Amino acid sequence: MKLLLPPTVILLLASLAAGQEVTNPKYEAWKNFKEGAMVRFTGSTKTMGMETGIEIRRTLVSKSADKVVIDEETWISVGENKKNESRTRKEIAAKVAKELVPAAAGTESVTVAGKTFNCQFFDLIDSTDGLKMGVREWTTDQVPGGSVKIECRTEGSVASDTRLALQEYKE
């Protein structure tokens, strides 16, 4: 005797097998702010002994129930020379696969932009082609996009140390 399942049950089982989707924390970090909300980070990166300054500005362009759209501009400076390196538009989906959402590693108070924020921090570690990368990001729901501080280190064929901190934000 064959068991026949209705098409809706088959679709449900297929979607469960494909991976559960959950709310994207990056989407959540922008969705409650007005279009035009902005954050600006500054910092530096040291790569193989050379230090460069970094400035990143992210602006909320639009939002809907299924995504937010962010413009990101990056400037790199070496000494007195500052150059606009890139301008990109990013879409951040409202839902992502559950396995892509990291668990918070802890909580910590962080003082940036003249204000102290109670933050969760997340640690991400990856290793590819002999290059080991570790990232720690501190986040809060008080600023657009959530991020207030980011540290990234790589070891291996290209060693680098990057540190960014929130300098200003506009809700």
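The values are calculated or read from the model by the stated rules, or taken from the named source; none is laboratory data. This is a predicted model, so every value here is computed, not measured. Please note: Cβ atoms are built from the backbone with ideal geometry, for glycine as well, and neighbour counts cover all protein chains shown.
Go through (1) closer than 19 Å to GLY43 by Cα; (2) among the hydroxyl-bearing types (Ser, Thr, Tyr); (3) touching an Asp or Glu at 6+ places or on another chain (Cβ under 9 Å) for THR116 and report which single condition fails.
Looking at each condition in turn, THR116 falls short on (3).
If you scan the range 92-128, which residues turn out to be charged (D, E, K, R) and touching a residue at least 24 places away in the same chain (Cβ under 8 Å)?
The first filter runs over the range 92-128 and keeps only residues charged (D, E, K, R), leaving 95, 98-99, 108, 115, 123, 126.
Listed by number, the residues that qualify are LYS95, LYS98, GLU99, GLU108.
Condition first: under 15 Å from the mean Cα position of the chain (by Cα) and of a type in the set (Asp, Glu). Can you find one or more residues in the range 130-143 that meet it?
Yes, there is a match, as at least one residue in the range 130-143 is under 15 Å from the mean Cα position of the chain (by Cα) and of a type in the set (Asp, Glu).
Every residue, every condition in (1) surrounded by 11 or more Cβ atoms within 10 Å (Cβ to Cβ); (2) assigned to a strand (DSSP E or B); (3) of a type outside the set (A, V, I, L, M, F, W, C); (4) touching a Pro at 6+ places or on another chain (Cβ under 9 Å), yes or no:
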position: TRP30; (1), (2), (3), (4): yes, no, no, yes
position: PHE33; (1), (2), (3), (4): yes, no, no, yes
position: VAL39; (1), (2), (3), (4): yes, yes, no, yes
position: GLU72; (1), (2), (3), (4): yes, yes, yes, no
position: THR111; (1), (2), (3), (4): yes, yes, yes, no
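Kindly provide the set of residues from the range 136-170 that are in a loop (DSSP other than H, G, I, E, B) and either of a type in the set (Lys, Arg) or modelled with pLDDT under 95 (or both), ordered by number. Steps first, answer last, please.
Residues of the range 136-170 in a loop (DSSP other than H, G, I, E, B): 140-146, 156-159.
GLY156, SER157, VAL158, ALA159 - these are the residues of the range 136-170 that are in a loop (DSSP other than H, G, I, E, B) and either of a type in the set (Lys, Arg) or modelled with pLDDT under 95 (or both).
Considering ILE76, ILE54, which residue is modelled with pLDDT under 95, more than 17 Å from ASP141 (Cβ to Cβ) and either within 14 Å of the chain's Cα centre (by Cα) or part of a strand (DSSP E or B) (or both)?
Working: ILE54 fails: modelled with pLDDT under 95.
Step by step, each of ILE76, ILE54 is checked, and only ILE76 is modelled with pLDDT under 95, more than 17 Å from ASP141 (Cβ to Cβ) and either within 14 Å of the chain's Cα centre (by Cα) or part of a strand (DSSP E or B) (or both).
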